[in-house]
Amino acid sequence: MSCHEIQMYLTAYVDDALEIDKRNRVEQHLRQCYDCQALVKELQQTTALVFEQLNRTVAPINFEDSVMQQIAGVYQERQVRRFSIFYLACALIGIGGFAAVLLSPVGTFIRVLFHLFLAVLNGLSFVPASLGHWWMVCILLSTIVLVGSSIFGVSRVLRSLQSEVVL
Amino acid sequence: MNQNDIDLIRHARKGSTEAFTAIVRNYKNFVYRTVLAILQNRQDSEDVAQEVFIKAYRALAGLRDARTFPSWLAQIATRTALDFIQSKRKNQTVELDSEKFVVNDDIHRAANIRLDLENALGHLSEEHRVVTILRVNGFDYEEIAQILGIPIGTVRSRLHNARMHLRQLLQDERGDNG
């Protein structure tokens, strides 16, 4: 092989990236060619200098913080998008399911049950009046208020405990 | 690439921001160095390197094999940097050459070796700078070919031409300085 042909492979030779047969041919040529030997030496020096100098390049001091600030923005965007899609999907499933139930034979049964429930409530409302026992109504209302306030109180306590854990 | 990095990438892929912070810490010099070698401008390189990590964060879920992360990240970095150069050329708002490390002759004579090399890199074409920095970053010829989507023979010839050009430029500069 001529010097010109060999020189095309010298960078790969210096980088140790030649196949074994080509490497052998290059080494065979180098043993008898001082010009190519000199070129290999220069390429080795250039390579060492390039590697040494470029590897010294480091990112600016605040680079990491700047990236992570932007990542936080991207993360929030992503979360908002995920929740929006989730809520939208839930709403669609809910509306769709409700409509499907109402339109199906089961819906007719539910409507009948609902009317029955209303009729029972209506009937029950006449019981205390017809018996003349207004005190029953008072006790019932008090019980409802008491149960309602208990549920509200418990939920407040649970919420405050949750926020303490988060903090 | 060590096992710790692979674990970090797997955690980050599952959505861990802490893991991604560690990845940024481990790879920031790698990305910045790659982008700076291509763009030859520090301010632009900082912005583009940040963009590279944002793109990586968005696309990380699509990375199938965590072990290919360095070449995947290098691919994003080189493409983003080259796209940036193209968009700048299209907009023609700023002349790239005016911001290169290329300096006038007087300053040139007083420059140290590092500046000599930066100057020399600035004289290379983009495609030669890209293959050079990828090689410096430790990728072998086959990996460079995969990252850039070009044949391995093209990688070999580009690297050789780049190295010969750098050798000549550095010799000229040393001759001038001496």
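The values are calculated or read from the model by the stated rules, or taken from the named source; none is laboratory data. Fair warning: this is a prediction, and the values are worked out from it, not measured in the lab. Glycine gets a Cβ as well: all are built from the backbone with ideal geometry, and neighbour counts include every protein chain shown. For accessibility, only protein heavy atoms count, side chains too; no ligands or nucleic acids. Shrake-Rupley method; radii C 1.70, N 1.55, O 1.52, S 1.80 Å.
Among B:Glu18, B:Glu127, what's the order by accessible area (1.4 angstrom probe), most exposed first?
Numbers: B:Glu18 140, B:Glu127 90 Å².
Ranked from most to least accessible, the order is B:Glu18, B:Glu127.
What accessible area per residue, rounded to a whole number of Å², is obtained for the protein assembly as shown using a probe radius of 1.4 Å?
Per-residue value: 61 Å².
At a Förster radius of 22 Å, what calculated FRET efficiency corresponds to the Cβ-Cβ distance of B:Gln171 and B:Met1, to the nearest 0.05?
Computed FRET efficiency for B:Gln171 and B:Met1: 0.05.
In peptide A:7-14, how many Cβ atoms from other protein chains are near each Cβ within 10 Å, on average?
Other-chain Cβ atoms within 10 Å of each residue's Cβ, averaged: 4.
Can you tell me the order of A:51-64, A:108-121, B:30-43 when each peptide is scored by its average per-residue count of other Cβ atoms within 10 angstrom, highest first? Mind dumping the intermediate values first?
Numbers: A:51-64: 15.2, A:108-121: 10.4, B:30-43: 23.1.
Going from most to least packed, we get B:30-43, A:51-64, A:108-121.
For a test of the definition: using alpha carbon positions, the gyration tensor, and the 1.5 limit on a/c, classify the stretch B:1-97 as rounded, prolate or oblate.
prolate
Can you give the average number of partner chain beta-carbon atoms within 10 Å of each beta-carbon in peptide B:132-139, as a whole number?
Counting Cβ atoms of other protein chains within 10 Å of each residue's Cβ and averaging gives 3.
Mind checking the mean number of beta-carbon atoms from other chains within 10 Å of the Cβ atoms in A:65-73?
The shielding value for this peptide is 5.
If a cysteine in chain A has no other Cys Cβ under 4.7 Å from its own Cβ, put it on the list, ordered by number.
That list is A:Cys3, A:Cys90, A:Cys138.
Using the Kirkwood formula on the Cα atoms of the protein assembly as shown, what hydrodynamic radius do you get, in angstrom to one decimal? Display every interim value, and only then the final one.
Numbers: mean 1/r = 0.0381 Å⁻¹.
For the protein assembly as shown, the Kirkwood estimate is 26.3 Å.
What number of lysine-lysine pairs in the protein assembly as shown show an alpha-carbon separation below 29 angstrom, given a sequence spacing of 8 or more or placement on distinct chains?
Lysine pairs satisfying the spacing and distance rule in the protein assembly as shown number 12.
For the pair A and B, how large is the buried accessible area, both sides, in square angstrom to the nearest 100, if the probe is 1.4 Å?
The A and B chains share an interface burying roughly 3800 Å².
With every protein chain left in place, what is the accessible area of A:Val147 in Å² (1.4 Å probe, nearest 10)?
80
HN-Hα J couplings of the stretch A:49-60 from phi, Karplus 6.51/-1.76/1.60, θ = phi - 60°, integer Hz, Gly and Pro as x?
For the stretch A:49-60, the Karplus-derived couplings read 5, 4, 4, 5, 6, 5, 6, 7, 5, 10, 5, x Hz, x marking Gly and Pro.
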